[in-house]
Each structure stands twice: as structure tokens, then as C-alpha cells.
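Novice: Below you'll find the structure I mean.
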Amino acid sequence: MIVPELLTQVREPWIQRVSQALARGTGVRESFVAELGRFYDLMVQAVITGDSAWLEPILYDWARSPTETDLDQGQYHVAFVMNRILSLTIEVAREALSEQDALDYIATVIPVFSYGLEVVSRYEMETRLTHISTEMSDVQKKMEQLDRSKSGFIAVAAHELKTPLTLIEGYASMIRDLAASLQQKTIDNLLEGMNGGINRLRQIVDDMIDVSLIDNHLLSLNLQPVQVGQLLDLLRNELVPIILERQQTLDLRKFSGSDTWIFADPERLYQALRNILSNAIKFTPDKGSIFINGRTLPGFIEITIEDTGIGISPENQALIFEKFGQLGRVDLHSSGKTKFKGGGPGLGLAIARGIVEAHGGTIWVESEGYDEKKMPGSTFHVLIPARTDAIDPRLTKLFDSLDSNRTQPDAQETT
Ligand code: ADP
């Protein structure tokens, strides 16, 4: 028999055998059968024309097909599959053809297969190299980011830690040098100043520890029944003196969901909301306004903190949630916790995001942009999952009855 006839005769048993041996599962097999048909026909073309390059398009497709997971695990499939197909081809030829025809057939297809194997190995190597170089550039980007973050940390930490330390040293040396001649009232004032510096230092160190817990996914939550409205009331009470000092108004609304008992970590949630609200105060000029509102969404409670401050440019709206994402100059850090545009270490929003995300929630900001003349303001959104299923309904009733003994805040309270 002449070779083209041999090729036609072997086609069907070959497809059947190879697909059964290599593709498990009917769904997979159907598409594999079509691919094998395409491979076989291109192989026939290669034999007839004497040009093995006919196989290249399909080999190229196969070699490029490994998934990212295969590549990550260093698996090379196609060369292995090609070898397996070759040995199945020899088996099928031996079974379907006479001895002489089988020899002719095998002698014809082997060079095409060796060419194919060479091509596949080259393509696979190229795919692997591309994958490795993408991985390397990803790693390099991460290292650069880490390096920037490290330099940022050193610059900000040095400044943030040094400022209160210098303050404490100053007060301490005044007390030491002048203690004998100072009146008790002056000593008290100096001690108070020293205490302020110590508190600031403690807060910065605590923030740094929190950020490192968040970075290492070690932030553990102490989940308890919580009412968001109650946390916001406490927060308002804490920040009222600063708001009054800055002659701002705080409009805290009561919203649907604010008195729902949800499962959350009250201290951490308070800390996150406090960081956002402190910023709203800081980045809003004197006499500006802050509005706190919220609503219930399916499965979530949304809290919004809106201000009439300097706003945030679109390109910085994601950056500010990164640690050291402060947008000002390093030398302005430590310039004040409540002062207009007073700089901080740039950890507050990174911590807020870490806490909110640890709850399974999300946080983002909306602002028309940054403009210190027009004061477009910013609105921070916090979505917290309304986990109520874990709370025994009897407890909710008990909390509600205890809660009704508390003075109910008005529907809207403005400070
Ligand atoms: P910082 O310690 O600098 O306040 P944060 O992480 O709390 O650090 O905030 C990061 C930066 O985001 C701030 O330095 C400021 O530039 C910007 N920012 C945060 N909140 C607001 C806001 N309400 N209005 C305008 N800018 C804000």
C-alpha cells in the first residue's frame, strides 16, 4: 500500500486509541478528539509535502496551553504527551497494518514526530522562560516596593519617634535643672507636657505594632455583639472637645442598621472609625462640617464619614490606605493630631483598612479631588458584614431591653 493510503487507514483507530489513552472523562475527550483529528491531518500534510513545519501551528497552541499553576509547579506536559502519542502510534500501526506496511508507516511518521518534539520542547522552554521572567519582574517590583516602604518607614519613624522623645527630654532636663527654683504649678505643667510626649510615643509604637500584626495576618478579633450606633456615639463623645476647639460641626445621624446587634470586635472597629474621623477633623478647616451616616445593605452595614475638607486626588485615593500613605512632607509629620492638615505617621488608614478587612468588610474613599481653595471634601465608606446569625436571638432581646434603658440619641444630633 502506498503511504497516503496507510495514513488514511490508520486515522480512525489512531484517534480512538490515543484519545482513550490520554483523555479521561467524556467532556474532555470530545474536544481532545477534535484536536487529535487536527493534529493527524496536519501530520498527513507534513508527510505528503515533506515539510514538517505544517505541524507548527498546533504544536504552538499545545505548548502555550499550560496553566499558570502548571508553570508554577514546573510541569512540562506537551513533550511528554508527544512521546506518548508516538508510542501509541507505533502500537496502532502494528495492530492495524501488515508488518511491512507498519514499518513503512512508522518510518514515514517518525521524522515528523522528532521534528515535532524538538519544536514543542523549544516552545515549552520559551513559555517557561517568559513565565520565569514575568515572575522575576513581579518579585523585583515587590522588592522595590518593600524597599520604598522600608525607606518610608525609616524616614517617618525616625521623625515621628524623635519628635516626642525630644519633647520628653526637654521637659525632663528642665525639671532636673530647675526643680529647686520651680513652683509646684510649673512642675505640674512640665510633667503634663512630658506625659503628652509619652502618650504620643506610645500611640505611635502601638500603631506600628498594629500595622505589623495586619501585615503578617496576625490581627485577631474579639468578636462580640456590637451596635454600630453605640460605637459612633462613644466616638463622638470622645472627639467633641477637639471638634469644638476647631469650631467644626459634627452631624451624627441615626440610620437603619445603627442599632442592629452585629458580631464584631468593638475595640478594633472603634479604632478604625476613630482613625477615619480624626482625619476628617484634621483635613477639614476650622468651622467646617463632618457628617456621619449609614444604611443597611444586603448582608452589610455601611457607615459613611463625610467632610468638607481639602479632598483627595483620584490618584491618591488608593495610596492613602497603604502604610506610610501620607501625602504630605516628612518634616510635617508629628505636626499635630488634630491641627488642620497636621501630619501623622501615615498608619491610621492602613490600620483602619486592616481592621475592616479582618472583619470581612471593605473600605474606600470618594472625593472629587484635592483642592485647598474649593474644599471638595471626602467621603469615607466602611462596609461591615452584618453578622447576626451567630447571636442568640434571646441575647439580642436582652441587649435591646438593656439598651432601651440608655438614653436614646435623637434621630439626628449635631455637635
Ligand atoms: P496620617 O497619620 O498622615 O493622618 P493616615 O493613614 O491616617 O495617616 O492618612 C493618610 C493620608 O491620607 C493623610 O496624610 C492625608 O494626606 C490623607 N487623608 C486621610 N483622610 C483624609 C481626609 N478626610 N481628607 C483629606 N485627606 C485625607
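Novice: Go through (1) at pLDDT 95 or above; (2) within 9 Å of the ligand (Cβ to nearest atom); (3) not in a loop (DSSP other than H, G, I, E, B) and name the single condition residue 311 misses.
Specialist: (3)
Novice: Criterion first (among the hydrophobic types (A, V, I, L, M, F, W, C) and within 36 Å of the chain's Cα centre (by Cα)) does residue 175 satisfy it?
Specialist: Numbers: among the hydrophobic types (A, V, I, L, M, F, W, C): yes; within 36 Å of the chain's Cα centre (by Cα): no.
Considered against the rule, which asks whether it is among the hydrophobic types (A, V, I, L, M, F, W, C) and within 36 Å of the chain's Cα centre (by Cα), residue 175 comes out as no.
Novice: Checking the condition under 21 Å from residue 342 (Cα atoms) and without any contact (Cβ under 8 Å) to a residue 24 or more places away in the chain, which residue from 209, 187, 175, 154 passes? Reasoning before the result, please.
Specialist: Numbers: 209 fails: under 21 Å from residue 342 (Cα atoms); 187 fails: under 21 Å from residue 342 (Cα atoms); 175 fails: under 21 Å from residue 342 (Cα atoms).
Exactly one of 209, 187, 175, 154 is under 21 Å from residue 342 (Cα atoms) and without any contact (Cβ under 8 Å) to a residue 24 or more places away in the chain, namely 154.
Novice: Continuing with the same structure: Being basic (Lys, Arg), at pLDDT 85 or above and under 48 Å from the mean Cα position of the chain (by Cα) narrows it down to one of 24, 29, 17, so name that one. Talk me through it step by step, then tell me what you get.
Specialist: Numbers: 24 fails: at pLDDT 85 or above; 29 fails: at pLDDT 85 or above.
Result: 17 is the single residue among 24, 29, 17 that is basic (Lys, Arg), at pLDDT 85 or above and under 48 Å from the mean Cα position of the chain (by Cα).
Novice: Considering only the stretch 369-397, how many residues are modelled with pLDDT under 75 and either of a type outside the set (A, V, I, L, M, F, W, C) or under 28 Å from the mean Cα position of the chain (by Cα) (or both)? Lay out the reasoning, then the answer.
Specialist: Quick first cut of the stretch 369-397, residues modelled with pLDDT under 75 only: 389-397.
This time we only want the ones that are either of a type outside the set (A, V, I, L, M, F, W, C) or under 28 Å from the mean Cα position of the chain (by Cα) (or both), so: 389-390, 392-394, 396-397.
Selection size over the stretch 369-397: 7.
Novice: A further question on this structure: Of all residues in the stretch 280-308, which are among the aliphatic types (A, V, I, L, M) and within 15 Å of the ligand (Cβ to nearest atom)? Please lay out each step first, then the result.
Specialist: Residues of the stretch 280-308 that are among the aliphatic types (A, V, I, L, M), as a first pass: 280-281, 290, 292, 297, 301, 303, 305.
280, 281, 290, 292, 303, 305 - these are the residues of the stretch 280-308 that are among the aliphatic types (A, V, I, L, M) and within 15 Å of the ligand (Cβ to nearest atom).
For every residue, the table says whether it meets (1) small (Gly, Ala, Ser); (2) outside the structural domain of residue 59 (by TED's automatic domain parsing); (3) exposed (fewer than 13 other Cβ atoms within 10 Å of the Cβ); (4) out of contact with any strand residue (DSSP E or B) (no Cβ under 9 Å at 6 or more places or on another chain).
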{"position": "131", "(1), (2), (3), (4)": "no, no, no, yes"}
{"position": "173", "(1), (2), (3), (4)": "yes, yes, yes, yes"}
{"position": "179", "(1), (2), (3), (4)": "yes, yes, yes, yes"}
{"position": "197", "(1), (2), (3), (4)": "yes, yes, no, yes"}
{"position": "200", "(1), (2), (3), (4)": "no, yes, no, yes"}
{"position": "205", "(1), (2), (3), (4)": "no, yes, no, yes"}
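Novice: Tally up the residues in the stretch 269-301 that are in contact (Cβ under 8 Å) with a residue 60 or more places away in the chain and either touching a His at 6+ places or on another chain (Cβ under 8 Å) or among the polar types (S, T, N, Q) (or both), please. Lay out the reasoning, then the answer.
Specialist: Applying the first criterion (in contact (Cβ under 8 Å) with a residue 60 or more places away in the chain) to the stretch 269-301 yields 269, 271-273, 275-276, 278-280, 282-285, 288, 292, 294, 296-297, 299-301.
With either touching a His at 6+ places or on another chain (Cβ under 8 Å) or among the polar types (S, T, N, Q) (or both) added as a condition, the list becomes 269, 271, 275, 278-279, 284, 296.
So the count comes out to 7.
Novice: Considering only residues that are touching a residue at least 60 places away in the same chain (Cβ under 8 Å), hydroxyl-bearing (Ser, Thr, Tyr) and closer than 22 Å to residue 365 by Cβ, which ones fall in the stretch 241-268? Even if it seems obvious, please write down each step before you answer.
Specialist: If we filter the stretch 241-268 for residues that are touching a residue at least 60 places away in the same chain (Cβ under 8 Å), which is where we start, we get 242-246, 249-254, 257, 259-265, 268.
In the following step, the residues that additionally are hydroxyl-bearing (Ser, Thr, Tyr) were identified as 249, 260.
The answer is 249, and nothing else.
Novice: Now, a different point. Considering the stretch 343-363 alone, what residues qualify as being more than 8 Å from the ligand (Cβ to nearest atom) and either at pLDDT below 75 or touching a strand residue (DSSP E or B) at 6+ places or on another chain (Cβ under 7 Å) (or both)? Write out each step before concluding.
Specialist: Here is the first cut: in the stretch 343-363, the ones more than 8 Å from the ligand (Cβ to nearest atom) are 353-363.
Matches in the stretch 343-363: 353, 356, 359, 360, 361, 362, 363.
Novice: Cβ-Cβ distance below 6 Å, separation of 6 or more or different chains: which pairs start in the stretch 52-66 with a residue that is surrounded by 19 or more Cβ atoms within 10 Å (Cβ to Cβ) and at pLDDT below 85 and end on one that is aliphatic (A, V, I, L, M) and in a helix (DSSP H, G or I)?
Specialist: Taking only residues 6 or more apart or on different chains, the pairs are 62/78; 63/78; 63/120.
Novice: While we're looking at this one, here's another question. Looking only at strands (runs of 3 or more DSSP E) that fall completely inside the stretch 212-279, which ones have 1 or more residues that are within 16 Å of the ligand (Cβ to nearest atom)?
Specialist: 249-253
Novice: What number of residues in the stretch 364-390 are assigned to a loop (DSSP other than H, G, I, E, B) and away from the ligand (no atom under 16 Å from the Cβ)? Let's see the steps before the verdict.
Specialist: Filtering the stretch 364-390 for residues assigned to a loop (DSSP other than H, G, I, E, B) gives 368-377, 386-390.
Imposing the further condition that a residue be away from the ligand (no atom under 16 Å from the Cβ) reduces the set to 386-390.
So the count comes out to 5.
Novice: Assuming residue 290 fulfils every condition listed in (1) surrounded by fewer than 23 Cβ atoms within 10 Å (Cβ to Cβ); (2) closer than 19 Å to residue 348 by Cβ; (3) touching a helix residue (DSSP H, G or I) at 6+ places or on another chain (Cβ under 6 Å) apart from one, which condition is it?
Specialist: Condition not satisfied by residue 290: (1).
The values are calculated or read from the model by the stated rules, or taken from the named source; none is laboratory data. Keep in mind that this is a model prediction, so the values were computed, not measured. Counting neighbours? That spans all protein chains shown, and the Cβs are built from the backbone with ideal geometry, glycine included.
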